[in-house]
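What follows is one structure encoded as structure tokens, with my remarks underneath.
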Amino acid sequence: MLSGALIFVLAVVLVALVLIFAGVKTVTQGTNWTVERFGRYTRTLAPGLHFIVPFIDTIGRKMNMQENVFDIPAQKVITKDNATVQVDAVAFYQVVDAARAAYEVQNLHQAITNLVLTNIRSVMGNMALDEALSKRNDINNTLLAVIDQATGPWGVKVLRIEVKDIAPPEDIVVAMGRQMKAEREKRATILEAEGIRESSIQRAEGEKQSAILTAEGRREAAFRDAEARERMAEAEAKATSVVAEAIAGNGVQATNYFLGTKYVEALAKMGSSPNAKVFFLPVEAAGVMASIAGIGELAKEAQARGVEATGSRPRGSVPTAG
């Protein structure tokens, strides 16, 4: 049988072990524990090893400090233009103050869920269906700002709220499809009309430039033709003047010379034609001979003048210029 002293020692050791296990607490990473003394909150235990007063201090709540995500149940929402849509979302939040999250609100998860559902109805109820479908980011930002402000006193930080799906009724979906098709056809018609208009403008502009360039070309051609005619007239006038001076100096013989030259040139052209192999001249031979004789007389007269000019010079003299 055990002695009384041994029993007392065993009892003391047992009580000490119980007190140690009751007073030593190990908080895991990602959680915070609240400590209550006689039912009243005293402090918060961070992750690690802690000591509390056994049987006086107790662990109140074990709060998860990690980021939490939960689905918001789908609900039907009436938009500003009386369209009924079904909306579901997802929320991300994190507890930043374990004491407040434990004692300021009861059932934190349900409280946040109801808060998100209520604000979704409020925000989308002030928007038309087209706005609700096209401005999902605006809805998310509005919900985040409102709910984060409301959950601040609970020691909770709402990180994100995302609207996952907005599902209109089937008849509205069909009507929206027809509307989208009509809008696309309208834009296609407008673009086609604008293309035709632009093409017409460009074509008219091209025709205008072409007409301007053509007119300028005609003007330049007319100017060149006039200049050519003017120079031709000047040449003819000069030639006529030379002929007139020759005729004035030599009289009938010069006239016969020119007529004979033209006559011979005309006969040469007529003879060189490939279609005129045989032709008759309705002219008198005497007239031709007279013209040729006139040419001969002019040549003799020119030769005689040259001889006289040579004989009138003194011998040994050298002719001077001028």
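The numbers here are math on the coordinates, done by the rules we state, and not lab data. On a predicted model such as this, the values are computed, not experimentally measured, just so you know. Positions of Cβ are generated from backbone atoms using ideal geometry, with glycine treated the same way; all protein chains shown enter the neighbour counts.
Note on the range 168-177: among residues that are surrounded by 14 or more Cβ atoms within 10 Å (Cβ to Cβ) and over 33 Å from the mean Cα position of the chain (by Cα), the one that is farthest from Gln110 (Cα to Cα) is Ile172. Lys135 satisfies every condition listed in (1) in contact with a Ser or Thr (Cβ under 9 Å, 6 or more places away or on another chain); (2) farther than 30 Å from Asp97 by Cβ except (1).
Examine the range 178-190 for a residue that is surrounded by fewer than 15 Cβ atoms within 10 Å (Cβ to Cβ), closer than 30 Å to Met65 by Cβ and charged (D, E, K, R), and state whether such a residue exists. So that I can check it myself, show each step before the final result.
First, pick out the residues of the range 178-190 that are surrounded by fewer than 15 Cβ atoms within 10 Å (Cβ to Cβ): 178-190.
Going one step further and asking which of them are closer than 30 Å to Met65 by Cβ, we end up with none.
No: the range 178-190 contains no residue that is surrounded by fewer than 15 Cβ atoms within 10 Å (Cβ to Cβ), closer than 30 Å to Met65 by Cβ and charged (D, E, K, R).
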